[in-house]
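Here the structure is laid out as structure tokens; the discussion comes afterwards.
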């Protein structure tokens, strides 16, 4: 009888230790996802801050390209609005990326603009920021994948459901047109 009680106590202790470990793992993953999103948010803000300077530089050279400049400004305003979910933010950022692509295509038509040091510097900073955003998206999505896997697989799904851990949204586009390079025709 004594061995039976010891075995039951040992089983309960092992289950409790597993539950604590699973809970802590889920908390760690949730925090990693939130941290990764905040890093993307920082890079997106940097991108949003660079765009008005880029638009002003282009304005001096391409006055009659007002519709392209307005599209970039409008897309930036929408993308910079707070409170979007990762899916909504991805869609807004893709619209901004398309508008920037059209802006750079317009810049190709102005050799003086392409040689302007301010434009070149802003374009390089924007390119570096885009690379950092892409790296941030990969890091965020990897953490989301790990959290979602833990929330859905047995036995950690039991702890996830007990303590209200939810699946996180990926930061991706569903719009096939946003995945293609923009075309500009004169």
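Nothing in this text is a laboratory measurement; each read-out follows from the coordinates by a stated rule. In this text the structure is predicted, and so the values were computed from the model without any measurement. Backbone-built Cβ (ideal geometry, glycine too); neighbour counts: all protein chains shown.
Computed from Cα atoms, the angle from the helix 86-108 axis to the main principal axis of the chain rounds to 20 degrees. Computed extension gain for residue 127 through residue 4, at 0.36 nm per residue and net of the alpha carbon distance, reaches 37.6 nm. Modelled spin-label separation between residue 31 and residue 18, with each label point placed 7 Å from Cα along the Cα-to-Cβ direction: 2.5 nm. Starting from the Cα of residue 163, step 7 Å toward the Cβ, then list every residue of segment 8-34 with an amide N under 20 Å from that point. Output list for this probe position: 12-34. In degrees from 0 to 90, rounded to the nearest 10, what is the angle of the helix 66-80 Cα long axis to the longest principal axis of the chain? So the inclination is approximately 20 degrees. The angle between the Cα long axis of helix 117-152 and the main principal axis of the chain comes to about 20°, on a 0 to 90 degree scale. Round to a whole angstrom and tell me the spacing of the C-alpha centers of segment 97-114 and segment 136-167. Each part's Cα centre sits 41 Å from the other's. With contacts taken as Cα pairs under 8 Å and at least 6 residues apart, the chain reaches a relative contact order of 32 percent. Please state the shape class of the chain: rounded when a/c is under 1.5, otherwise prolate if a/b exceeds b/c and oblate if not, all from the C-alpha gyration tensor. Note, shape of the chain comes out prolate.
Taking the convex hull of the Cα atoms, report for segment 1-109 its projected area averaged over all directions, in nm².
Numbers: hull surface 36.3 nm².
That works out to 9.1 nm².
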